[in-house]
1. Near the amide H of residue 47, under 5 Å away, which other amide H atoms are found, from residues 5 or more places off or on another chain, if H is placed in the peptide plane?
2. List every residue whose amide H lies under 5 Å from the amide H of residue 125, counting only residues 5 or more places away in sequence or on a different chain, with H placed 1.01 Å from N in the peptide plane.
3. Could you grab the relative contact order for the chain? Cα pairs under 8 Å, six or more apart, rounded to a whole percent.
4. Once whole DSSP H runs in the chain are found, which of them have Cα atoms spread over 24 Å or more along the helix axis and a mean Kyte-Doolittle score of at least -0.5?
5. Applying the Karplus parametrisation 6.51 cos²θ - 1.76 cosθ + 1.60 with θ = phi - 60° to the phi angles of the range 475-488, what ³J(HN,Hα) value in whole Hz is obtained for each residue in order, glycine and proline being reported as x?
6. Around residue 63, which amide H atoms from residues at least 5 apart in sequence, or from another chain, sit under 5 Å from its own amide H, with H modelled in the peptide plane?
7. Around residue 14, what is the net charge, scoring Lys/Arg as +1 and Asp/Glu as -1 over all other residues with Cβ under 15 Å from its Cβ?
8. Whole percent per 5 Å bin, from 0 to the bin with the longest distance: what is P(r) over all C-alpha pairs of the range 318-428?
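Every read-out reported here was derived from the displayed coordinates using simple, explicitly stated rules and does not represent laboratory data. Since the model is a prediction, treat every value here as computed from it, not as a measurement. Every residue, glycine as well, gets a Cβ built from its backbone with ideal geometry; the counts of neighbours run over all protein chains shown.
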Amino acid sequence: MSLTLFDYRIRQRDYLLSIARALVSRLNLRAVLRLILQASVDMLQGQSGLIALRNDDGAFSFWASYGLPAALVSEFEPLVADVPANADLLAGEELLIPELSEKLGQIAEQTGLLLRQVVALPMVVERELLGVIFIFRSHSLRFSPDDRRILGSFADYAAIAVNNARLYESAVTERRRLDALLEAIGDGVLVLRPDLSVERMNRALSAITGWRTADAAGRPYDEIFVWERRNSSRTLAQAVEQGWPFRERDTLYVEGELRRRNGSLISVGITYAPLLTRGGRVLNIIAVVRDITRFREADALKDTFISVVSHELKTPVAIIKGYAETLLRPEAQRDPGLLQEMLGAITEEADRLARLVDDLLDASRLQAGGLPFRDVEDVDLRLIARRVVSRYASQSERHTLRLEFPEQFPTVRGDPRRLEQVLDNLVSNAIKYSPAGGEVVIKGEVKPAEVILSVSDEGVGIPLDEQERIFDRFYRVENPATRAVSGTGLGLYLTRAIVQAHGGRCWVHSVPGAGSTFYVALPQETRLTLWQAPSVSLR
Ligand code: ADP
């Protein structure tokens, strides 16, 4: 075994070449370490060796072994246990470890291996000890400056490999963290390249736009964001043409309606934020997309509310004021018949006003989350129906009101005032929306588990596609025949809410031009729930 220094150099060079190749070809870390270990053992005329790497918690564990039966590797735990306390290793000094020889002796005895000497070689990057290469020799040899130089380069390579692996792993972790973050965000996120093509997008954006991530990748952004209507003056592309972004925090907001992939529309607000290099070049543009449909709806609802309130409240007030002014005139006060008539009209309008205010209050209470029932008792719906009919019978000459109840009709548990409000709304609508007159039938039916009330008319009817929406807040059907009919669009919204709170259901059958029938089903054993906003959309 008399290798010349020249031979050493050649072999060292060969090893270094193959290690460098392994590093570049991105073999996995264990394979690279095994190669380095094998080279180190060979160059140092050792028998076997181990490489231990530092874990996240600071302790060391073995990553590669050479020349040792796998089952014996764990016997060398005492070697790594001592590393964190070894000042020389920590300082990056390679060592012959004489103080370990006793332990080594024990290991040799236990394992039957020829172990006389161990050389420990620290792997250091930027003064940080990443791991140690242990080389075992069967005989004690000198550790020459040449050995030191040769091994030093192997240890450096090993340290680089470990460091690369660590960097790679932290890049992977970072990417996974970013993925998780992107997917967890409720808003849509689109990452654009400097040429405004799609780099990636999250699931929320898929839901908003209808584009699948895989289909969107690489496409120009304006294939994904197709504006149907835009409230903002410029699009991203126009802004970029004008020199946007001027600095890192220079965000751009665009709002409007997008056409989704399936053709439907959605209201969104998009904030574009640039990600710049240190030199100020655009690296990415991040678009955060928020579905603002509900804000838009709330806005529209507010507008409707204001117009309904102003119109519906103004009318009775104007009428009351008109009569009151007339009454102030002396000649009117001298005519008892006129006096009576005007006071009657004022009272009626005042009642209408009060009802309107009640409806508005109910609607806002309902929206706020609930309102308990006041009086819950056994309610005779026939009595209520009779009262409502007699209230409306005298109001219109064109309409005939008819009650149809069976002999035996069970009572239901409920709030009589609210149930009367339900029937009142339905009968009043039946009259309001059949301007040509006709028959209005209020019918009661008994089913095994529930009773069904229905109110039918021969009026204008309701187009099929609006039959669900009429139960929404403030929703009114556009119909030339009933344009002059006043109303808030709250009656059916409250009706359904009251019925649902009684554990019941409410629906309509209607043929435009022929008439409508509204149904209310109430369980015979009513379980009262708290009032809650019914599951209707805000429109
Ligand atoms: P309002 O009558 O105050 O407008 P409602 O909530 O009671 O509010 O009714 C909502 C809409 O449903 C009405 O504006 C009307 O267009 C329609 N509607 C309700 N009842 C009838 C009916 N019996 N026949 C035809 N249309 C009706």
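1. Those qualifying (amide H under 5 Å, at least 5 residues apart or on another chain) are 136, 137, 138.
2. Residues meeting the criterion, in which the H sits 1.01 Å from N, are 130.
3. Over the chain, the number comes to 8 percent.
4. On the way: long enough: 5-24 (28 Å, 0.14); 145-184 (57 Å, -0.30); 293-328 (51 Å, 0.14); 336-368 (47 Å, 0.03).
Span-like helices in the chain: 5-24, 145-184, 293-328, 336-368.
5. Using θ = phi - 60°, the values come out as 7, 9, 7, 6, 8, x, 5, 10, 4, 6, 6, 7, x, 10 Hz.
6. 51, 52, 53
7. The answer is +2.
8. Bin by bin from 0 Å, the calculated values are 2, 9, 13, 15, 15, 14, 12, 9, 6, 3, 1, 0.
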